[in-house]
Each structure stands twice: as structure tokens, then as C-alpha cells.
1. What does segment B:10-633 give for Rg and for Dmax, in Å, if only its C-alpha atoms count?
2. Could you pull out which residues in segment A:168-200 have an amide N less than 15 Å from a spot 7 Å beyond the Cα of B:ASP88, following the Cα-Cβ vector?
3. I want to check a number: in chain A, how many lysine pairs have alpha carbons closer than 22 Å, given a sequence separation of 8 or more or different chains?
4. Can you list the lysines whose alpha carbon is less than 29 Å from that of B:LYS531, not counting same-chain residues fewer than 8 positions off?
5. R0 = 56 Å: FRET efficiency of B:GLU368 with B:SER463, Cβ-based, nearest 0.05?
6. Relative contact order of segment A:88-130: what whole-number percent is it, with Cα pairs under 8 angstrom and at least 6 residues apart?
7. If you average the C-alpha positions of segment A:113-187 and of segment B:201-277 separately, how far apart do those two centres end up, in angstrom?
8. Given a cut-off of under 8 Å on Cα pairs at least six residues apart, what relative contact order in percent is computed for chain A?
Amino acid sequence: MNRLILHILAVLLLWGFPAFAAEVVVVQGERMAPFEAALRGFEATAGVRSVERFVLSDLRGADVARAVREARPRLVLAVGRDALVRVREIREIPVVYLMVAAPETTGAVGRNVTGVEMNVPAERYLSFCAKELGGRRVGIIHNPARTGAQVREAREAAQRLGITLVIRRADDPREAVRELSTLKGEVDALWLLPDPSVVTRDTVEAFALFSQQNRVPLVAFAAKYLQHGAVAAFEVDPADMGRQAGRMARRILDGASPDRVPPEQPARSHLKVNPTTARNLGLALKE
Amino acid sequence: MPAPSPFNTAKTRVGTSFRRFSSLLLGLFFLVVLSILTAPRTVHADTDSDRELLELYYEPHDLTVTSATRSPRPLSRSAENITVISADEIEALNAHTLADVLEKIPGVQVAYNTAPGAAAGFEFAGATTRHIQVLIDGVPLNDQLDNFALVGGVPVQIIERIEIVKSPVSSAWSSALGGVVNIVTKEPSQHGPFTGSASFSGGENGTRDARGEFSGTIDRFGYYLSGGNLQSNGFRPFSATENNNLYAKLRWNLSDGGSVRLTVNYLKTAPQEAIVLDLISSRLTNRQLQSTLALDYALTDRLTFNAMLKGTRLDYNRFVTLLATGEPYLPRTVANDEKTVGGATTLTWRQGLHTLTGGVEFDHGSSEFIKAGVKTIDVTNDKYSFFLNDTIAWERFTLTPAVRYELTSHAGDHFSPSLGATLSLTDKTLLRFYTASGYSMPLLNPDYASQERGWTLQAGIESSEIPYLWLKGTWFRNTVDRITAYEYNTDTWEEIRLSERHVREGVEVQAKTASLFNSWFTAGYVFTDAKNRRTGDEIPGVARHTWDLGLHYDDRTFRGAVTGHFRWWNNPGGGGQYKDFIWDLNAGWRFYQGRNAEAELFVTGHNLFDGKQYPLEPYVNPDRWFEGGLRIKW
């Protein structure tokens, strides 16, 4: 019995090791469930035969860029911001990123770099605010160092949709709460951005209180905020984004130049609604 | 000098040194409160790591990974039936010790938890404490003599995460026929040079719990320090308890990416053990010192190295007295002095589809056991272990083969293989399959010196396809051979040693709803059919049905939870009562939430409806009682 078990083990150990020159090298920051889901989505559509994975939290101080080069992959998938920062010096291999909120702040600006951003298009949020919430004045509080690009995109979308953005700057949560009070009477809807300078446990409560007291609906970027007072959220699914990145990678592996495959925003997002908050605000919303 | 009374409660028995220690902690607590309220605020480091970003989008438990094979894996790639309890969940329980936490886990039976800090025992669907490894920082809490772990002596404030594996995992963790409770302790805080928390609670019957934690990182040096004192006069005669604990973790990050870590863990627990046979009462004093020195280092980009030296000292005394006269009762008075030193090295190689972990462990243990003043056991054991496991992740499929081979000087060699597989049917549905051979290391106690072996077969499904509902179901069949048991020849009253075969089969179902209006519901049910194959009878004392229900609320300012647990102990003849649910209420009010500090008042109502839940008559569970306290973090 023991001999049989050892033979089975030996076969399993040998399976997959010949993949020394992996077709795709995956670099990811940590082993976290959303990253794993995104990776599974990628593998489902990229159609690659061999994948080698470097997890930064396991490798600690290793020179990952050098390790990636030595693996001679045809493409690098960077999952998360930390991974994209670590491979930004690679210019000779196509790099596709995934699960990165603000890729422009990572310094990975080469022509070989493309990927799927984590933010839902600003136009989706703003047209929802205008059509479903009846808001022509949408309030945003943000730290330009962190979400500047998203706000720039929002300005352009607002101009197209004829919406007025009321923007306040905050460098830390305390300032965010102060700035929130200045929006009283100035906005018809509030849009919460994924900005760590602004979104904390305390500030979310302040946003929810502001929303309730001033009857201004709060729209968030993740469904977890529905329970804290947001009326709606556009949620992105890591597996969906992984599949989208997989399709981009497939095009590059089939011969397309990475600079001909421009970065994309999530193709799919799911509107989630808190019906009780909506009812309290006199809104009729459907998911 | 007057002789000390054998009937002293914990408060008087431990004398002035404990009182001085608890007074010191109390003073320290108020000093810390004062310093927090008056000190200038420190600013937390502004970093946008992946984890911090993802925590904006997801709840922390949605990011969980586990280390059941000694190398981290996401739960979605883990074939074993693993339950993970986070520090936040422990805090929401207002728990004092590990026993209080285990009591709330579906499929776990906790007995003898008669007061905070009591000498509680626990089982996983019939797998007794003797078959379950409890590890703190990778070092066993179990003694070598009986493989018993005093979970009532483990403070919860040092715990970052508990991973509970309810199946044999000997291929990774050695003697673990029933499973593993793996305690991962807190790391030094990255948010500043001086952060921490302090809490004090008090309740009926002199129940007091004072704790403090300090943590921080200065350049490459990180520290985490914790200390606490827990005491209670108990809720039945002779059930007083007192625990003291100190914990330190120091971490030095090397310039080239590795790190060196030193931990020291001191636990002292001194519970009384109720009245037995209406004649005697006993008190334990168990002191444990555990220390580790570990190095983590990346040898190459694919190969990481971990080396750990460990040492433990255990000093256990059971002092038994006659109720009638107060005199020591020597036949049951025992003492056990154990020492263990050892080391382990682990290499993890990541290549292609594989994450391969292999290692070598060495332990030298000794035990001196004194009964009735006579040294009856004086043994040593050398143990060499070799283990190898692989996690093969291929698209939606994960395969985890593992083997371990162990050579011991005391009880021969042991081989244990395991094989696990997971398949993600969809993004929301996961199938699990796991089979393993496990063993329980022969105890140094000669009465239980045979090697017990067993196999498990498990299959499970985990799904969140139904909106707002997470479901997990597991079917299990565990077989254990060569279990040592004793019975008496009723004619001659001679003790007869038996070797038995037990089969435990059943299902475990857990459910949790998504949070709606800041509220969510949890439920767990476990059915276990445990049979003794020698007699064909059901095994007494193995809970046939267990239920756990909970209604939870948390709006970040107020939180509350009503939890109920029920164990049908199936222990006729033990004099126990177990027809009632035990309902507890935990509530908290975060009355101050500043940018860098918060303060919370909390209250717990135990056994609100005076339910009865105990398998054996002397160990009656407490009736309704209340406690409350203040917790401050900065």
C-alpha cells in the first residue's frame, strides 16, 4: 500500500515540472481570494499551456524582474499594484496587468504595458446618477495623488452628460469629513471613490449620515458599503476582469503588438442596490 | 506557620504574588488609558498595499488564506475541512480563552468549561483532545504524557487567526489523528512605533480579566508584547480559576529581504476541578514556557527557506484534597515535568504548477511523572520527521498530495500519506475531496502506549450561488483503529486492556447570510454517528447532534450578537443534562472613534435562560451570569 502511494506521489511530482520556459509568468502580490479568482478567470480565456507563478509575499526580497526575465515567458501577467510596480522595468516582454486601481501611479508606462483597470467607467456612475437618481450635481471628495486620474476621467464624462461635478480635495480622512460638511445644499448625489485617504470606517459613517440627513443618495464602488448607508454600488467581479485580461493576453500571444491592445476598463459591472435606503430616499431602483 | 487550607479559592490560594500582578496590570491599564487620552496622536503610515486596497472593496474574511500544508494557500485551494476564526470574530465574542472560542465552532464539543479559565476539554465530532494538536506559532501546546492541551489557559488577545482542521493532518503536523487547532499569533504592527490596546472586564463571582498589548515597528525592528490576568471564583463549589500570561514577539527584517523572529510565550493556569465522588476536590497548576527562534529567507527567486529552533518547558501539578478533613489525598496527587527542545527546517520551491514544501524536524522530549510522591514514569523520546507535500494548481483544479515519515526512539516509525483535491465548478461553487491516514503518537504514559491509526474520507461543497447566502456542507467518515480502552471483569474486578475500532460518520452543514441592515445570521449543524465496532454500540459522550445559531448586528458604533449552541452529548450514565440550548448575548458600544484611537464598552450575558449543558455531573455549566468591560485601542 505504502509503495503504491509513493509511486502515485512520484508521478504527481513529475507532472508539470517540464514547464521551465513558461508561456506566461504570473506575478502577484499576495495569495488573496480575489486575486485567485481573477487568475482563474484569466486562465479560462487566455488559452495558455503553461503558467509559472511568483507570489511576492512568498519571495520576500527577491529580484522578481530578473526571475521573470530568466523564465523567458512570452507574456507577464501582473496581478495587483505591488506586482505591477515590481515588473515595471521590464520593457522587452508584454505585460498585462489586472486588479490595479490606478495603474498610472505605478510608473509602469512602457508601450509593452496594457491591462484591465479596476475602476468602473465614470460615465456609468454619472449616467446612473443623472437618470436614476435625478442628480445633476454630483459631489466627490478625493485625494488627487491617489484618484486624480479617475477624477480627470469623471470631468470629461460629466461634460459629455451635462452634469456638474462638485469636487473637494482631502489629503486625509479628517479633512474628508470637514469637506463633506461643505457639500451641504451643493450636491444632489455623492459618489464615493476607492480612495484610501477618504474611505475609512469612520468616514463611511459620516458619508452615510450626510446622505440620510440631507437626503442625498450615496453611490459606492463596492457592495459592502450598501449595509453602511450607500443606496447603490457598481461592483466588479475579479473573475470577469480576469477573463477580460485573458482575452487581451490571447490577442497579444496571437501576434498583436501590446500598444495596439489599449488598456480597458471592466467590461462588466453589476449594479447592486439597497432597496430600503432607496425607499427611504423616495427612489425606485432596480438591480 | 499555619498550614495553608486546601479549600482556598483561587484568590487566596495563589496568594499575594498574583494579587500584586493583577493590581499592577490594573494600574498599568489606567496609566495607558491616561496616556492615550493625553498623548499627541501618532499618524499611521499611508501605504497603498494590495491588501489595503482590496480591503476597500472586500470584507477582510473574503481575503483569507490558510496554512494547512505549512505553506500558505487560499481557502479555495484547500481540500481539508478548515474553519478560520479571525481576531475580529474573537473580539466580537468577548471571549476570555481559546476554550470560549472553540465552544462556538460548529462540530466542536467543549466540556468542563465551568468558569473562564477552567480546565476545559474539547472534541471534534468524537475525536478527543488526545488526538488533536493545538499549536501556537507551530509549537504544540499538548503535553507529551497524555497529549492533553489546556485550551482554557490560552489567552485570546495574542491570536491573529485560528485555523481549525477537523480531520487527520498527520502528513503535515505529525500526531494529529483528530485534527489541528493552529494558532497564528499577531505580528508587530506596521502602522507606527507604538500602538496597542488595553482592556478590563469584570463580572459576577469575582470574574476579572485585565489585558494589555503593545506593538509597533521602528525601522527594521518590530515588536508585539502582551500580558494578562484572568480570575474567577467560579460558579459552582470548587471551580475557581486563575490565569496569568505573557507573550513577546520580536522581529528583525534583514537588509536583503529575510527576517529573524523570536517568540516567548508564558502561560500559567490554576483552575480548581470541582468535587469528585462527593469526597475529593483537586486543583491544577500548569505552567508552560514556549520559545522559538526562526529565520525566513529567500535563497533564490523560487526557493524559500525557513529554519526554527524551539524549546518548551511544562510543569503540571494536580493537588487533591479530601473534602472531609482538608488533608492532601496522595493517591490522586500527580506532578509532571516535561522538557522539549527541537528544530525544524522547511524548503518551499515554486515551479510551474507546483508549490512543493519539504522539511525535516527533530524533537527531543522528556517527561518525569510523579504520582503519590513516587516517580512512576521517567521517559525520553527522540523524534525525527521528514515531510513533503505539493500543491498542484491547474486552472480550476488543485491537487495536494502529501507524505510524512517519522522515526521515534520511544514507539517505532510512522508513515502517513494524504491526498486532497478541489475543483471550482463555477466562480461561486467549490467541490472538495480529501483522504488521509493519520496517527496519534503513542503517549509517554504507558497506559496508552499503543499507536492509534485511522483513515478519513471527506467530500464537501461550498457555494454562494444563492444570493445573500453562503453554504458549506461536508460528509465525513473517520475510522480509528487500536484505540486503547479499559474495562473491569465484574467477577474479579481486574482491569482488562482492550484495543478497539471506532467509526465516526456524519455530515456538517454551515450557513451564513450576507449582511443586510448591518445584520446577518449564522447556523451550523453537525450529525455524527459514532460506533464502537467491537461492541456494535454507539460510543457514549460523542455528541450525535450539535447546533449553533447566531444573529449578529454591527453598525460600527453598536454591535451585538445572540448566539445559541446545543450539544446532544449522548452520554447516558454520566449524570449530565443536555436538553437545552445555551443562549449568550454579546454587545458593544464604540463610544469614541477617533482617527487613531477608539474605545468600546462591552457586556456579555451568559446562559440567558439558565439552560443545562454538561455531559458529566460534577462539571455543571454556570447558570445565567453577566460581565462587562472597557476596551481601548490606539
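1. 24.0, 78
2. A:200
3. Close lysine pairs found across chain A: 6.
4. List returned: B:LYS104, B:LYS166, B:LYS472, B:LYS579, B:LYS612.
5. Working: r = 52 Å, r/R0 = 0.94.
The pair B:GLU368/B:SER463 has a calculated efficiency of 0.60.
6. For segment A:88-130, the relative contact order is 43 percent.
7. 47 Å
8. 20 percent
Each value in this text was obtained by applying a stated rule to the coordinates, not by laboratory testing. What you see is a predicted model, and the numbers here were worked out from it, not measured in a lab. Neighbour counts are summed over all protein chains in view; Cβ atoms, including those assigned to glycine, are modelled from backbone coordinates with ideal geometry.
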